[in-house]
Amino acid sequence: MSPDLTGERYEKHREAGEILAQVRAETAERVEVGASHLEVAAYAEERIRELGGEPAFPVNISIDHEAAHATPTPDDDATFGEEMVNLDIGVHVDGWLADTAITVDLSGTSDLAAAPAEALEAALDVVEAGVETGEIGAEIEAVVDGYGYNPVVNLTGHGLGHWEQHTEPNVPNRGVEQGVELEAGDVVAIEPFATDGGGKVNEGSHEEIYSLEREASVRNRQARAALEQIVEEFKTLPFARRWLDTDRAEMALRRLARDDVVHGYPVLQEQEGCLVSQTEHTVIVTEDGCEVTTRDR
Ligand code: MN
Ligand code: MN
């Protein structure tokens, strides 16, 4: 039996997607040479709240060979140069998510920026109840390959759960045999990445994004204050160090991470000197296609 796609949960996914489409467009316009990373991220996160949502995770600003999990530090003074800029933004409404990404090319490599966008459209064309995730990946791989680039194969799309950014199923960025069938009512993010590098990202050393692993009693005052804010405000969703109100947030996070109360997300990156581009939409799978919640209105 098909699920009721008019239910409250889906209405909240749609509301999150609508807010996100507007914020993505407004934020992308602000990405230009000389603009501040921190101001762009803070603008997007504030705008999400003004429009009635909450950020589902810190705005990711990935530059050149970076692919994911980079976000400004609390006192970041970096500005955009002539670079490949990926913006990845999420919104939730009462824990129901939308997730989107766009590449703004300031580097003059427009075909690399175009590859994942076209791959995503090809992927969306085949999404419907019963499609295998491996078939979606094959569409993505074929388009990116046609541009002469590689898909990033160890980053994937994913399901979106309640207060959970990443759930089953994975949606691969290449054709695979062992895919799963999507069902009507599944809410999934599809996110092709393209690169002129080898197509595999590695963990860098820097972490600015964390999420809660388990609740625990904590003695240190700043760590306890940070944990209270995390449990209350972010729950199990990722958050940035710069979002914490406590002083000495870096020390607090180090203690919480050491005790496995939170875990960090290292920046994921290709080899230095390579470029990575990304495009992402969130969809609700239907019997005969899909509804793209994050589509431009
Ligand atoms: Mn994303
Ligand atoms: Mn995603």
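Mean-square fluctuation check for the chain, GNM, Cα pairs under 10 Å: which of A98, A257, A21 is largest?
Looking only at A98, A257, A21, the largest GNM fluctuation is found for A257.
With a 1.4 Å probe and all protein chains left in place, how much of the accessible area of the chain comes from carbon and sulfur atoms, in whole percent?
42 percent
Where in segment 203-297 are there GluC sites (Glu not before Pro) that are in a DSSP coil and have at most 14 other Cβ atoms within 10 angstrom of their Cβ?
Loop-located and lightly packed - E213, E215, E272, E287.
To the nearest Å, what is the center-to-center distance of segment 1-50 and segment 255-277, using C-alpha atoms only?
Rounded to whole Å, the Cα centres lie 23 Å apart.
Based on DSSP H assignment, which helices of the chain show an axial Cα extent of at least 15 Å together with a mean Kyte-Doolittle hydropathy greater than or equal to -0.5?
Helix filter hits for the chain: 110-126, 133-146.
Using a 7 Å offset from the Cα along the Cα-to-Cβ direction at both E181 and A257, what is the distance between the two label points in nm, to one decimal?
Going by the 7 Å Cα→Cβ label model, 4.3 nm.
With an 8 Å Cα cut-off and a minimum separation of 6 or more residues, compute the relative contact order for segment 14-96 in percent.
38 percent
Tell me the label-point distance for the pair K235, A35, using the 7 Å Cα-to-Cβ offset, in nm and rounded to one decimal.
In this crude label model, K235 to A35 measures out at 3.1 nm.
Could you provide, to the nearest whole Å², the per residue accessible area of segment 141-198 with probe 1.4 Å?
44 Å²
Under the classification rounded if a/c is under 1.5, otherwise prolate if a/b is larger than b/c and oblate if not, where does the chain fall, given a ≥ b ≥ c as square roots of the Cα gyration tensor eigenvalues?
Oblate shape, in that a/c is at least 1.5 and b/c is the bigger or equal ratio.
In deg cm²/dmol and to the nearest 500, what is the mean residue ellipticity at 222 nm of the chain if only DSSP H runs of at least 4 residues count, each as -39500 (n - 2.57), divided by the residue total?
Dividing the helical sum by the residues of the chain leaves -9500 deg cm²/dmol.
Given just the C-alpha atoms of segment 23-121, how large is their convex hull per residue in cubic angstrom?
99 Å³
Please report the relative contact order for the chain, taking Cα pairs under 8 Å with a sequence separation of at least 6, and give it as a percent rounded to a whole number.
24 percent
For segment 109-161 and segment 229-252, what is the separation of their Cα centres, given in Å?
Distance between centres, Cα-based: 33 Å.
Any idea of the accessible area per residue across segment 209-267, 1.4 Å probe, to the nearest Å²?
Value for segment 209-267: 54 Å² per residue.
Let me know the shape class of segment 125-239, please: from the alpha-carbon gyration tensor, a ≥ b ≥ c as square roots of the eigenvalues, rounded when a/c is under 1.5, otherwise prolate if a/b is greater than b/c, or oblate.
In terms of gyration-tensor shape, oblate.
The values are calculated or read from the model by the stated rules, or taken from the named source; none is laboratory data. This structure is a prediction, so every number in the text was calculated from the model and none was measured. Backbone-built Cβ (ideal geometry, glycine too); neighbour counts: all protein chains shown. Please note that ligands, DNA and RNA were not included when accessible areas were found on the heavy atoms of the full protein model with its side chains. Shrake-Rupley method; radii C 1.70, N 1.55, O 1.52, S 1.80 Å.
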